[in-house]
Amino acid sequence: MPRIQLDLARVDLTTVPPFAAGSIDDEVRVVPTGEPNAEPEPEEPMAAVGDEEPAAEEDAVGLLPRIAMRVGDLPCAREGVVSVTPRDSLTRATTIMTGRGYSQLPVLDGAATVHGVVTWSSIAHMHSTGREPCLANATTNEYQLVEATTHLLPTLPLIRRHEFVLVRGLDGTVNGIVTAADLADQFAVVAKPFFTLGEIERRLRRCLGRAFDENDVRVATGRKQAVDHMMFGGYVRLLRREDLWPKLGWPGVDRELFVEQLDRVRLVRNDVMHFDPKPLTADQLALLDGFVGMMRQYDPDYGHSAAQP
């Protein structure tokens, strides 16, 4: 990503919206930097061109993703919203909420104009204050509307405080709603692979770091560096070397099969670390679970200390 930003800046170009802001499948326009609708790219550390790995290489092992997670990366923020119009009845709204198990229902005029939100709390408040039971009196303006390109982490306090946020897409329409329950579900989807990959990398580093020195790494990758400073793809290239494999001391492990599985893990890791909005498949999840289990068996520190997971 830093290379793309640098190349665009050299010819006074940018993208609308910023290409780092949306999901991997979003469309962007390349425009001159001075164009009125041009938005500045989010500031990110610019790596020196000479220090970059080839384009196909993944991020450095142990680093967090370069692309921050956006609200629009959550599936529920993009899959549309069920709503009522200001002309609908309160009975219609409550029937939808009851039938679908909703705690809130947007009141929209068209796809872009928000008149408010009906919630069970706003309905209870209407009754407790003795107002006429109707949609207008049950509609509250206590809601938050965020852009799909908004960073997710700063939005979490809003969701916790209001229990939901409405999401406006790049086309200006309200095309999603994110609730506290959605966040809990998404945490399980995103966090488990993330932490599983982290454990795989820690155990792999520990095993390889004991077996290989900087000269071994140079022979395999062309770079003289410690195992801890290698990228994940470098581990694959290192273990493909049949002459270096015996140094691991794993005589009962098939080298070709292990490297094949490791390379598949690398590809899954790229999806997770770049926050590809598509969830991992059952096969990908099974691959991670199986591989981390295998690494626990090969890691000599496994089970010896709670401080070395």
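The values are calculated or read from the model by the stated rules, or taken from the named source; none is laboratory data. Computed from a predicted structure; not experimentally measured. Note that each Cβ is placed from the backbone with ideal geometry, even for glycine, and that neighbours are counted across all protein chains shown.
Which of the residues that make up the range 83-108 are in contact (Cβ under 8 Å) with a residue 24 or more places away in the chain and not in a helix (DSSP H, G or I)?
Ser83, Val84, Thr85, Pro86, Asp88, Ser89, Ser103, Gln104, Pro106, Val107, Leu108
Determine the pairs where a residue that is under 19 Å from Asp263 (Cα atoms), located within the range 194-223, has a partner that is among the basic types (Lys, Arg) and surrounded by 20 or more Cβ atoms within 10 Å (Cβ to Cβ) with Cβ atoms under 9 Å apart, the partner being 6 or more residues away or on another chain.
Note: pairs meeting the criteria are Leu197/Arg269; Ile200/Arg269; Glu201/Arg269.
Need a quick list: strands (runs of 3 or more DSSP E) entirely within the range 128-220 having at least 1 residues that are in contact with a strand residue (DSSP E or B) (Cβ under 7 Å, 6 or more places away or on another chain), among the basic types (Lys, Arg) and modelled with pLDDT of 90 or more.
The strands (runs of 3 or more DSSP E) meeting that bar are 164-168.
Would a scan of the range 274-283 turn up a residue that is of a type in the set (S, T, N, Q) and in contact with a helix residue (DSSP H, G or I) (Cβ under 6 Å, 6 or more places away or on another chain)?
Scanning the range 274-283, I find no residue that is of a type in the set (S, T, N, Q) and in contact with a helix residue (DSSP H, G or I) (Cβ under 6 Å, 6 or more places away or on another chain), so the answer is no.
On the given criteria, is Thr221 of a type in the set (S, T, N, Q), touching a Leu at 6+ places or on another chain (Cβ under 9 Å), within 20 Å of Asp299 (Cβ to Cβ) and assigned by TED's automatic domain parsing to the domain that holds Leu288?
No; evaluated as a whole, the condition is false for this residue.
Please state which of the following conditions Val253 fails to meet, knowing it meets all the rest: (1) closer than 18 Å to Ile200 by Cβ; (2) part of a helix (DSSP H, G or I).
Result: Val253 fails condition (2) only.
Output the number of residues of the range 109-127 satisfying the condition of being assigned to a helix (DSSP H, G or I) and touching a strand residue (DSSP E or B) at 6+ places or on another chain (Cβ under 7 Å).
Residues in the range 109-127 being assigned to a helix (DSSP H, G or I) and touching a strand residue (DSSP E or B) at 6+ places or on another chain (Cβ under 7 Å): 1 in total.
Could you identify the single residue in Gly172, Gly176 that is surrounded by 14 or more Cβ atoms within 10 Å (Cβ to Cβ), under 30 Å from Pro279 (Cα atoms) and in contact (Cβ under 8 Å) with a residue 60 or more places away in the chain?
Sole residue among the options that is surrounded by 14 or more Cβ atoms within 10 Å (Cβ to Cβ), under 30 Å from Pro279 (Cα atoms) and in contact (Cβ under 8 Å) with a residue 60 or more places away in the chain: Gly176.
If we scan the range 161-169, do we find a residue that is free of Cβ contacts under 8 Å to residues at least 24 places away in the same chain and farther than 23 Å from Val84 by Cβ?
yes
Before we move on, is Gly198 surrounded by fewer than 18 Cβ atoms within 10 Å (Cβ to Cβ) and more than 30 Å from Pro279 (Cβ to Cβ)?
Details: surrounded by fewer than 18 Cβ atoms within 10 Å (Cβ to Cβ): yes; more than 30 Å from Pro279 (Cβ to Cβ): no.
Considered against the rule, which asks whether it is surrounded by fewer than 18 Cβ atoms within 10 Å (Cβ to Cβ) and more than 30 Å from Pro279 (Cβ to Cβ), Gly198 comes out as no.
What single numbered condition from (1) under 15 Å from the mean Cα position of the chain (by Cα); (2) buried (at least 20 other Cβ atoms within 10 Å of the Cβ); (3) of a type in the set (Val, Ile, Thr) fails to hold for Val167?
The number of the failed condition is (1).
Name the single residue, out of those in the range 179-195 being under 21 Å from Asn270 (Cα atoms) and not aromatic (Phe, Trp, Tyr), that is surrounded by the fewest Cβ atoms within 10 Å (Cβ to Cβ).
Result: Ala188.
Specify the residue that is surrounded by the most Cβ atoms within 10 Å (Cβ to Cβ); the eligible residues are those in the range 97-118 that are more than 29 Å from the chain's Cα centre (by Cα) and farther than 16 Å from Pro86 by Cβ.
Among those residues, the one meeting the criterion is Met97.
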